[in-house]
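The values are calculated or read from the model by the stated rules, or taken from the named source; none is laboratory data. Predicted model, so just to flag it, every value in this text is computed and none were measured. No Cβ is skipped: glycine too gets one built from the backbone with ideal geometry, and neighbour counts run over all protein chains shown. Ligands, DNA and RNA are excluded from the accessible area calculation, which covers all protein heavy atoms including side chains. Shrake-Rupley method; radii C 1.70, N 1.55, O 1.52, S 1.80 Å.
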Amino acid sequence: MQIPSAKPKGDAVLAEITNFEAMAFRLKQWIKSPRPYLMVAGLLLFLAVWYMTTELFKLPRFEKLPGPVAVIREWLSEDPSYGISIYVSEYYLHIIKSMMRVFEAFGLATLLGVPLGLFMGWKKVFRDYTFPIDETLRPIPMLAWVPLAILMWPAREAAIVYLTFLAAFFATTLNTLLGVESIDEVYFRAARCLGSKPRHIFFRVVVPGALPYIFTGLQISMGVAWFSLVAGEMLAGEYGLGYLIWNSFVMVQYPIIVIAMVTLGFIGWASSAAIRFVGALLMKWKVREVSP
Amino acid sequence: METKGNGNAASGRMVIDSISKSYGMGPLRQKVIQDCSFTLEPGKLTVLIGPSGCGKTTIINLLAGYEEIETGSISIDGKPVKGPGGDRLVVFQETALFPWMTLMQNVTFGPRMRGGRNSREIEGDALSLLQKVGLGDFRDKYPTQLSGGMQRRAELVRALINSPRVMMMDEPFRGLDAMTRELMQEYYIRLFEEHRITNLFVTSEIEEAIFLADRLVIMSYRPAQVRTVMEINLPRPREFSMLTSKEYLQYKKDALEILHEEAMKAFSTGTATCVADFLEAYSEIEEKK
């Protein structure tokens, strides 16, 4: 055999760099770069502007808004004057109630939307049946569904979850469909040519090929789920962060509004991060590392 | 080195008998392939060459069964060919390695799909083939972590491991840089000389064509027909030193004369790209003389 060997010289060196060392190195570079300081500065600037407009100078139209000092004091207080702080169990009840609803709606939307999208993309006949309906229903704003949701469901709880589900469902289905359509024809040909049966093609080409789009869809779906949830809770809730915001407005307990808003921000960010994390686990092949 | 499926060397005779294909509807209908006939001899490497855009990929698609022929017939070892099948494997122009599978998973895909053998056996075969093309250390890498040349080699292995009767290569080294391309040609010719599976290799590069071929099929411009069939009687194993031999240069000159005529025809029908491609190749040999 006279095939020239293409042994990678750098391979041994690369293997010695452990994951931990690489992470430590990246962290060090990050601290050396201006990025973390700009982030902190941006945050401080935002708080300063908020403080000056609402609490220091009490500008017109701003004087009624809760300032950062009032909000943070209330939030961290063991004995909050409006009844909501990190020491009060009711605060967590609202959070858990909202999270449960999103979890139910998002889970259902994923369980139904992903298979539906995959089938729509895979079988053209099925797509032709369903796509026009999907495309017509999808752009309808979730708030427009509120009356029907209330008429359809006997309990308010179900109506809220239904609204949240609808928004998430359309986003998931459409992105999954686009994901299947994004798969290059050449992979189907290669799979068939290598002797795959249809079910092999479905599980080894359609599903993994659509995965990047599916996860983009799930992130969008999570975003719109929170959006619809808050809208639903404001209209018809008894518990939940959306209800808390609206109720505090009605009851003139303004600092709580901001506490609930910021809480929503953090939970939304965390749920997106969780989806990205699962996505990265399932799509190791998307990670581009230094090729040895 | 003992390889499975060497019995294929005796079979894998593919006869293409006056096939035709048109595209488009109504008045726009255009004949792309017309009465095209040639034979792939068992265990031989046939190279199909012609100006860009003459319909070479269409011929591959017809032979692979992805598209249907209008007239004529295609048969392997006397049996007519219908639809895609495991007896013919195609290595595509662009990489078709599944990006979501490791190299090993990609290479063992075909045998796993067909079943019947245990995975350790399959992986053993795959590894020995991967080592032969210098990819043994990369078995657990994903395609995006490999260079273009490595991907092409992996694809060769993925096709070869199935011991098909006929392997079809659709301009597999296109887009690689000159040095990688040369390396790929060497890997490819060694694998072919070892396994002797009937091969059809499509290219628009004359030097590559003559270096690899037992038989050179030169296509005309549209509608594509077989213009000439040249037997290339250079000794095997092929070495790059042959590229300067008298015989080689004579083959090249003969082939280029025919291709030149075809390019001129293409020029008169007004397709600029293929003419540019061709003139570049042609002027090269003129300079060397």
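Would you kindly state how much longer the chain becomes between residue A:20 and residue A:153 on full extension, computed as 0.36 nm times their sequence separation minus their alpha carbon distance, in nm to one decimal?
42.7 nm
How crowded by other chains is B:212-221, given as the mean number of beta carbons from other chains within 10 Å of each beta carbon?
What the average comes to for B:212-221 is 0.
Relative to the longest principal axis of the C-alpha atoms of chain A, give the angle of the C-alpha long axis of helix A:89-122, reported between 0 and 90° and rounded to the nearest 10°.
It is inclined by approximately 30 degrees.
Could you check which residue among A:40, A:71, A:161 shows the biggest mean-square fluctuation in a GNM of chain A with a 10 Å Cα cutoff?
A:40
If you average the C-alpha positions of region A:141-220 and of region B:29-43 separately, how far apart do those two centres end up, in angstrom?
Rounded to whole Å, the Cα centres lie 44 Å apart.
What is the mean number of Cβ atoms from other protein chains located within 10 Å of the Cβ atom of each residue in peptide B:140-146, rounded to a whole number?
Mean partner shielding for this stretch: 4.
How would you rank B:238-246, A:179-187, highest first, on the average number of other Cβ atoms within 10 Å across their residues?
For the peptides B:238-246, A:179-187, the packing ranking is A:179-187, B:238-246.
Within region A:235-262, whose backbone N sits under 18 Å from a point 7 Å along Cα→Cβ of residue A:108?
Inside the label zone: A:235-240.
Which whole-angstrom value gives the distance between the alpha carbon centres of region A:222-273 and region B:160-213?
Their Cα centres are 63 Å away from one another.
How would B:132, A:97, B:265, B:82 rank on accessible area, largest to smallest, probe 1.4 Å?
Solvent-accessible surface, decreasing: B:82, B:265, A:97, B:132.
In nm, give the distance between the simple-model label positions of residue B:57 and residue A:32, each being 7 Å from the Cα along the Cα-to-Cβ direction.
If labels sit at residue B:57 and residue A:32, their model points lie 4.6 nm apart.
Packing-wise, with mean Cβ within 10 Å as the measure, how do A:99-107, B:62-70 rank, highest first?
Listed from highest to lowest mean packing, they are A:99-107, B:62-70.
What ³J(HN,Hα) values, in whole Hz, does the Karplus curve 6.51 cos²θ - 1.76 cosθ + 1.60 give for region B:188-193 when θ = phi - 60°, with x put for Gly and Pro?
5, 5, 5, 4, 5, 5
Can you give the convex hull volume per residue for the Cα atoms of region A:16-65, as a whole number of Å³?
83 Å³
On a full-extension model of 0.36 nm per residue, what is the gain between residue A:252 and residue A:130, subtracting their alpha-carbon distance, rounded to one decimal in nm?
Extra length available between residue A:252 and residue A:130 comes to 39.2 nm.
To the nearest 0.05, how large is the calculated FRET efficiency for residue A:261 and residue A:44 if R₀ is 22 Å and r is the Cβ-Cβ distance?
E between residue A:261 and residue A:44, to the nearest 0.05, is 0.70.
Just read off the accessible area of residue B:260 with the full protein assembly in place, 1.4 Å probe, to the nearest 10 Å².
We get 50 Å² for residue B:260.
Multiply the residue gap between residue B:193 and residue B:41 by 0.36 nm, knock off their C-alpha separation, and tell me the result in nm, one decimal place.
Additional length available on full extension: 53.3 nm.
Given the options A:50, A:278, A:71, identify the residue whose Cα lies farthest towards the positive end of the charge dipole of the protein assembly as shown (+1 on Cβ of Lys, Arg; -1 on Cβ of Asp, Glu).
A:278
What pairs in A:124/B:31; B:44/B:79; A:284/B:141; A:28/A:286; A:197/B:82; B:21/B:56 have C-alpha atoms more than 22 Å from each other?
Table pairs above 22 Å Cα-Cα are A:124/B:31; A:28/A:286.
Considering only A:51, A:254, A:213, give the residue with the highest GNM mean-square fluctuation for chain A, with springs between Cα atoms whenever their separation is below 10 Å.
The residue with the greatest mean-square fluctuation here is A:51.
Calculate for chain B the 222 nm mean residue ellipticity that helices alone would give, adding -39,500 (n - 2.57) per DSSP H run of length 4 or more and normalising by residue count, nearest 500 deg cm²/dmol.
-12500 deg cm²/dmol
For region A:16-65, what % of the accessible area comes from carbon and sulfur atoms, probe 1.4 Å?
With neighbouring chains kept in place, the figure for region A:16-65 is 73 percent.
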